[in-house]
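Engineer: Pasting a structure here, questions to come.
The values are calculated or read from the model by the stated rules, or taken from the named source; none is laboratory data. Since this is a predicted model, take the numbers as computed values, not measurements. Here Cβ is always computed from backbone atoms with ideal geometry, including for glycine, and neighbour counts include all displayed protein chains. Keep in mind that these areas ignore ligands, DNA and RNA; they rest on the heavy atoms of the full protein, side chains included. Shrake-Rupley method; radii C 1.70, N 1.55, O 1.52, S 1.80 Å.
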Amino acid sequence: MEIEAFENPSPIAWCPGCGNFAILGAVKQALADMGFKPHEVILVSGIGQAAKLPHYLKCNFFNGLHGRALPAATAIRIANTELPVIVIGGDGDTYGEGGNHFLHGIRRNANLTLITHNNQVFGLTRGQASPTAEKGFVTRVQTHGVFLTPMNPLAVALALEAPFVARGFTGRARHLTDLIKEAVAFEGFSLVDVLQPCVSFDHVHTFQWYKERVYDLEEAGHDPGHIDGAIQKAREWGERIPLGIFYSNPEKPTYEAQSPVLSGGPLVDRHPDPKRVEKLIDSFF
């Protein structure tokens, strides 16, 4: 499949130079490389600059409430277990408003891919600190600097034994594309947290700032099969920032595989018996 099949001529509202462009390109390239057709995949998002990404793709998508993309995506996936489902969100949308859904999405382990644009700010509302903002980071709202401990989404995901945890960087497009392909192909909940500098509201964590610090876990000999080592790497931040697959456990059973209701095949292919539905309704009276 050619990448042009996913092109959408809608005008893009992101700032020039925004890292979101690289993530959009990586998602399109990954879907094309994997041979999907636009009608064979669905993207789900909430609210925010990152959540606009599905608007700029030619594919099925659902755009819902702030922070609520994961429960909607889970329902879509359960209804049609043949459909690849990709969730797109920012760090505020996913780890702030959607924090509870993030935890329980991992716990359920439905076959979803979550791609989070992580730039430490709420971009749509003009740059206040998000849950991942570093201590001391000065914003238009946190004028004396952030004093709260930042959330480490990879460490949280690993503590819940998420079966696939990875981090990409928008300054390494090919590497990010390959991570997304691995995540979409994975059977179970897969997280790709993407370091995505905000060119408008963060002049500290720039592309150059990240380029001087990031390194490839695979090239460093990291073994993604051991969760303790993955947690240790997830806590590494500052002068050196690891990228790649932190942890991968294909043996963890998915929600779909464990649900007896889904053992009869995708719900979308079932034909409900009206008489049984009427009997169920009558039982409530």
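Engineer: For segment 1-58, name all the residues that are open to solvent by 30 Å² or more (accessible area, probe 1.4 Å) and within 22 Å of Gly96 (Cβ to Cβ).
Structural biologist: Ala13, Cys15, Ile47, Gln49, Lys52, His55
Engineer: Are any residues in segment 42-82 part of a helix (DSSP H, G or I) and of a type in the set (Lys, Arg), and if so, which ones?
Structural biologist: Selection gives Lys52, Arg77.
Engineer: What is the residue count in segment 4-17 for residues that are over 12 Å from Leu53 (Cα atoms) and part of a loop (DSSP other than H, G, I, E, B)?
Structural biologist: 4
Engineer: Further, regarding this structure: Among the candidates Ile78, Ile47, Ile115, which residue alone is over 27 Å from Gly171 (Cβ atoms) and not basic (Lys, Arg)?
Structural biologist: Ile78
Engineer: Next up: For the subset of segment 173-185 comprising residues that are in contact with a helix residue (DSSP H, G or I) (Cβ under 6 Å, 6 or more places away or on another chain) and of a type outside the set (A, V, I, L, M), which member is least open to solvent (accessible area, probe 1.4 Å)?
Structural biologist: Thr177
Engineer: Name every residue in segment 219-250 that is charged (D, E, K, R) and under 21 Å from the mean Cα position of the chain (by Cα), in order of residue number.
Structural biologist: Across segment 219-250, the qualifying residues are Lys233, Arg235, Glu236.
Engineer: Out of Thr116, Thr170, Thr81, Thr94, I need the residue that is more than 18 Å from Tyr210 (Cα to Cα), touching a residue at least 60 places away in the same chain (Cβ under 8 Å) and among the β-branched types (Val, Ile, Thr). Which one?
Structural biologist: Just one listed residue meets the conditions, Thr81.
Engineer: Hey, another quick one. Taking His175 and the conditions (1) outside any helix (DSSP H, G or I); (2) touching a strand residue (DSSP E or B) at 6+ places or on another chain (Cβ under 8 Å), which numbered condition does it fall short on, given that it satisfies the others?
Structural biologist: (1)
Engineer: Residues of segment 130-153 being open to solvent by less than 50 Å² (accessible area, probe 1.4 Å) and among the hydroxyl-bearing types (Ser, Thr, Tyr), which ones?
Structural biologist: Residues satisfying the conditions are Ser130, Thr132, Thr139.
Engineer: Identify the single condition in (1) modelled with pLDDT of 95 or more; (2) within 17 Å of Val199 (Cα to Cα); (3) of a type in the set (Val, Ile, Thr); (4) open to solvent by 70 Å² or more (accessible area, probe 1.4 Å) that Thr170 does not satisfy, given that it satisfies every other one.
Structural biologist: Among (1) modelled with pLDDT of 95 or more; (2) within 17 Å of Val199 (Cα to Cα); (3) of a type in the set (Val, Ile, Thr); (4) open to solvent by 70 Å² or more (accessible area, probe 1.4 Å), Thr170 violates only (4).
Engineer: Any idea which of Gly105, Gly67, Gly123 is in contact (Cβ under 8 Å) with a residue 24 or more places away in the chain and at positive phi?
Structural biologist: Gly67
Engineer: Further question: Would you be able to say whether some residue in segment 201-223 is within 21 Å of Ala73 (Cβ to Cβ) and β-branched (Val, Ile, Thr)?
Structural biologist: no
Engineer: Find all pairs meeting these conditions: Cβ atoms under 9 angstrom apart; at least six residues apart or on different chains; first residue within segment 194-216 and among the basic types (Lys, Arg); second residue part of a loop (DSSP other than H, G, I, E, B) and open to solvent by less than 50 Å² (accessible area, probe 1.4 Å).
Structural biologist: Lys211/Gly171; Arg213/Gly238
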